[in-house]
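K.L.:
Got a structure here, written out as structure tokens. Questions coming.
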Amino acid sequence: MASDKCRKIAELLFQVEVQLRQLNYWQDSLPPAEALSSELPFSCDTLDFPQWLQFIFLPRMQALIEYAAPLPTACAIALYAEEYFRHDANLQTLLAHLAEIDTLLTDL
């Protein structure tokens, strides 16, 4: 069952990347190292939310899955995403993927 959950989360992570690319939120260049080392939630002082998804969240979650490391037991990024993207009506699919990741991780 845990491997099914990991496979589902991996697929959702891929879909989040696809959505970020389709919606033109994907960046080709890496932010400065200082921006990636923020201690604040969502690196809100150094990155915008799509950057945090691309450069922090996706790589860390993919690494956890790849190395069969324990996954977080709580996740609440969908609410933050809804707030960040509140003025963009084209993001229902992205938000649904993030909400599903939250649910899968929190319902372990």
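K.L.:
Filter region 24-69 for residues that are within 16 Å of Glu83 (Cβ to Cβ), surrounded by 13 or more Cβ atoms within 10 Å (Cβ to Cβ) and of a type in the set (A, V, I, L, M) and give the result.
P.N.:
Within region 24-69, Leu47, Leu53 meet the criteria.
K.L.:
Hey, another quick one. May I ask you to list the residues in region 3-17 that are without any contact (Cβ under 8 Å) to a residue 12 or more places away in the chain and either closer than 23 Å to Glu83 by Cβ or surrounded by fewer than 11 Cβ atoms within 10 Å (Cβ to Cβ) (or both)?
P.N.:
Looking only at region 3-17, we keep the residues that are without any contact (Cβ under 8 Å) to a residue 12 or more places away in the chain, and these are 3-4, 7, 11, 14.
Answer for region 3-17, where residues must be without any contact (Cβ under 8 Å) to a residue 12 or more places away in the chain and either closer than 23 Å to Glu83 by Cβ or surrounded by fewer than 11 Cβ atoms within 10 Å (Cβ to Cβ) (or both): Ser3, Asp4.
Residue-by-condition table, conditions (1) more than 18 Å from Arg21 (Cα to Cα); (2) of a type outside the set (A, V, I, L, M, F, W, C):
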{"position": "Gln51", "(1), (2)": "no, yes"}
{"position": "Phe55", "(1), (2)": "no, no"}
{"position": "Ala69", "(1), (2)": "yes, no"}
{"position": "Ala74", "(1), (2)": "yes, no"}
{"position": "Tyr80", "(1), (2)": "yes, yes"}
{"position": "Arg86", "(1), (2)": "yes, yes"}
{"position": "Ala89", "(1), (2)": "no, no"}
{"position": "Leu98", "(1), (2)": "no, no"}
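K.L.:
While we're here: Given the condition farther than 19 Å from Ser43 by Cβ, without any contact (Cβ under 8 Å) to a residue 12 or more places away in the chain and among the basic types (Lys, Arg), answer yes or no: does some residue in region 60-73 qualify?
P.N.:
no
K.L.:
Do any helices (runs of 4 or more DSSP H) entirely within region 1-97 hold 3 or more residues that are touching a helix residue (DSSP H, G or I) at 6+ places or on another chain (Cβ under 9 Å) and within 20 Å of Asp107 (Cα to Cα), and if so, which? Don't jump to the end; show me each part of the working.
P.N.:
Working: elements: 2-22, 33-36, 49-52, 58-66, 77-84.
Output list reads 2-22, 58-66, 77-84.
K.L.:
Just to be sure, is Leu20 surrounded by 16 or more Cβ atoms within 10 Å (Cβ to Cβ), in contact with an Asp or Glu (Cβ under 7 Å, 6 or more places away or on another chain) and modelled with pLDDT of 95 or more? Steps first, please.
P.N.:
Values: surrounded by 16 or more Cβ atoms within 10 Å (Cβ to Cβ): yes; in contact with an Asp or Glu (Cβ under 7 Å, 6 or more places away or on another chain): no; modelled with pLDDT of 95 or more: yes.
No, not satisfied.
K.L.:
For region 25-58, which residues satisfy the criterion of being within 23 Å of Leu71 (Cα to Cα) and of a type in the set (S, T, N, Q)? It would help to see each step written out before you state the result.
P.N.:
Step one: filter region 25-58 for residues within 23 Å of Leu71 (Cα to Cα), giving 36-44, 49-58.
Hits for region 25-58 are Ser37, Ser38, Ser43, Gln51, Gln54.
The values are calculated or read from the model by the stated rules, or taken from the named source; none is laboratory data. As the structure is a prediction and not an experimental result, all values here were calculated from the model. Don't worry about glycine lacking a Cβ; one is built from the backbone with ideal geometry, like all the others, and counts go over all protein chains shown.
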